[in-house]
Structures are given as structure tokens and as C-alpha cells.
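The values are calculated or read from the model by the stated rules, or taken from the named source; none is laboratory data. These figures come from a predicted structure and were not determined experimentally. For neighbour counting, all protein chains shown are included, and Cβ atoms are generated from backbone atoms with ideal geometry for every residue, glycine included. Side chains included, ligands, DNA and RNA excluded: accessible areas come from the protein's heavy atoms. Shrake-Rupley method; radii C 1.70, N 1.55, O 1.52, S 1.80 Å.
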Amino acid sequence: MSIYAKIHNSMPGKQFAVLIDPDKYGEKALASVIDAANESHTDLIFVGGSLLTYDHLDLTLSQIKARTVIPVVLFPGSILQINNKADAVLLLSLISGRNADMLIGKHVIAAPYLKNSDLEILPTGYMLIESGPVTTAQYISNTIPIPRLKDDIAVCTAMAGEMLGLKLIYMDAGSGAEMPVSGSMIRNVRDNITLPLIVGGGIRTPEQAVESCRAGADVIVVGNAIEKDLTCIGEIAGAVHFA
Ligand code: 1GP
């Protein structure tokens, strides 16, 4: 089954994705986080980062694939993060911004490489949401996020993404965000699109994950909190599946 079908067919059931930033994990820590993902109910492993400063992506992917059968999805911060060792790639069009390069430019450059790869392509409307201090994703993408309280802008943006034929919507407060995306914004977007909805950024507790799920998120992504405390994988994975 394709990864997209796995996400889509399990709706309205929820999925839990662990985000691995290759810069943040040495070999031993990576082994521990993958073991924890194997032991908990982790559905997907996302790999990538807005800014990678070490050339660890290829090695990280090899180590993950050697240790788990959980599907591995690239969450690329740049075209340098395309790698055939993953199973799929989120082909992110940054629809919350007005930076032409992030909407279509990088995709044109990546297209022939993606076409020749075995990666499953997941066309994704990527929406950055204001979440407190400027995040790395906002700064690096040179875009203004959707204001935190402007649910109507988020709704119209997600609807436009769906009408354009994108297959997933990802609402992201940004890695390490002070505040996750609000339940109200998630609910309003959910009520106006039928696509699977991925939500991440600043989710640190099972309660926050449950709130996002009940508001309508289909996939919950957690990175930072797991880097700080491995035990939260099991707790948040459990909460997501019982939400
Ligand atoms: C960031 O949505 C992801 O792009 C995850 O964010 O690292 O804050 O969990 P965190």
C-alpha cells in the first residue's frame, strides 16, 4: 500500500509521525529514538530540517532503514535533502507564503531528480502558522506565516491548496514553536477541506496532541519534544491513537 493510501484510508483514525532532524542525533541517540518508535505505535518517520549544518542525512537514513520497517518520509528543507533511501517525500509547496521559489521554483529544479527516483511523491500544501518568535522555517523560507488568530486566512489557503490538486495539507507552527497551531484554526480548516491534515510544531504533551486530533488533525508530527525526552514518544503516540 502506498504511504498516501495508508494515511488516507486510515481517516478519521489518527497517525503519529516522529520527526528526525539529522543534525540533532548522533548514532547512539538515533538508535534509541528508532527503538522507541518501534516499541510505541509510531506510524511514520519524517526526516529533514529547515537548515542542516552537517552532512548527515544519507547516513541517518541508512541507520533508520537498517533498524525499522516504519515508512520513512523526507520532509525536506531544501533540494539538498532529496535522497533515494527514504520511501517518500513531502513535495512541499509553501502556500502560506509568497516566495515563488518555495511555491514552484525549487520544485522545477527537483522534478527530474524526483522522476528518476523511487520515492513516492506526496504533493503537500505547506502552511506556516505564526507561533511566537520567528522560527527557522519562517526565516529560511523568507515568508510571513499566517497570523495565529486569522483562521479565515488559513481556511482560504487550505481550500485553495485542495482546489489546486495538492494531496495533503500540512499546518506547521515550526520546529520548537512556542505555541502549537490553535485548535480553533485546525477545526476551521478541517471543516472546509477533505484532504488529510498534518499538524506539527510546538506539540510537547499528550494533551496538546489530543487537542489537535480532536480539532481534526489526521497526522501529528513531533520532533523537538522527543529530542529532549525520549519517553514522550510512547505517551504521545498512545494519546494520538486513543484521541
Ligand atoms: C516542525 O512540525 C514539525 O516542522 C515538528 O515540530 O519539532 O516543534 O515538534 P517540533
When the residues of the range 14-41 are narrowed to those that are among the small types (Gly, Ala, Ser) and in contact (Cβ under 8 Å) with a residue 24 or more places away in the chain, which ends up nearest to the ligand (Cβ to nearest atom)? ALA17
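What tally of residues in the range 7-28 results from selecting those that are within 22 Å of ILE82 (Cα to Cα), assigned to a helix (DSSP H, G or I) and within 17 Å of the chain's Cα centre (by Cα)? Break it down stepwise before answering.
Kept after step one, since they are within 22 Å of ILE82 (Cα to Cα), are these residues of the range 7-28: 7, 17-27.
Checking which are assigned to a helix (DSSP H, G or I) leaves us with 7, 22-24, 27.
Then drop every residue that is not within 17 Å of the chain's Cα centre (by Cα), which leaves 7, 22-24.
Residues meeting the conditions: 4.
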Here is a list of conditions, (1) open to solvent by 30 Å² or more (accessible area, probe 1.4 Å); (2) of a type in the set (Val, Ile, Thr); (3) more than 23 Å from GLY234 (Cβ to Cβ), and VAL89 meets all of them except one; can you say which number that is? (1)
Within the range 32-68, which residues are among the small types (Gly, Ala, Ser) and in contact with a helix residue (DSSP H, G or I) (Cβ under 8 Å, 6 or more places away or on another chain)? ALA36, ALA37, SER40, GLY48, GLY49, SER50
Odd one out for SER78, checked against (1) within 16 Å of the ligand (Cβ to nearest atom); (2) within 20 Å of MET171 (Cβ to Cβ); (3) surrounded by fewer than 21 Cβ atoms within 10 Å (Cβ to Cβ): (2)
All positions within the range 159-176 that are under 16 Å from LEU90 (Cβ atoms), small (Gly, Ala, Ser) and within 16 Å of the ligand (Cβ to nearest atom): GLY174, SER175
Restricting the search to the range 42-56, which residues are open to solvent by 40 Å² or more (accessible area, probe 1.4 Å) and within 15 Å of the ligand (Cβ to nearest atom)? SER50, LEU51, LEU52
Name every residue in the range 92-111 that is of a type in the set (A, V, I, L, M, F, W, C), touching a residue at least 12 places away in the same chain (Cβ under 8 Å) and surrounded by 14 or more Cβ atoms within 10 Å (Cβ to Cβ), in order of residue number. LEU92, LEU94, ILE95, MET102, ALA110
So THR194 ticks every box in (1) more than 15 Å from the ligand (Cβ to nearest atom); (2) assigned to a loop (DSSP other than H, G, I, E, B); (3) closer than 21 Å to LEU94 by Cβ; (4) not acidic (Asp, Glu) but one. Which box is left unticked? (3)
Per the filter on the range 114-146, residues open to solvent by less than 60 Å² (accessible area, probe 1.4 Å) and within 13 Å of the ligand (Cβ to nearest atom) are THR124, TYR126, MET127, LEU128, ILE129, SER131, GLY132, THR135, ALA137, GLN138, SER141, PRO145
Please give the helices (runs of 4 or more DSSP H) falling wholly within the range 199-243 in which 1 or more residues are more than 12 Å from the chain's Cα centre (by Cα), more than 14 Å from the ligand (Cβ to nearest atom) and touching a residue at least 12 places away in the same chain (Cβ under 8 Å). 206-215, 232-242
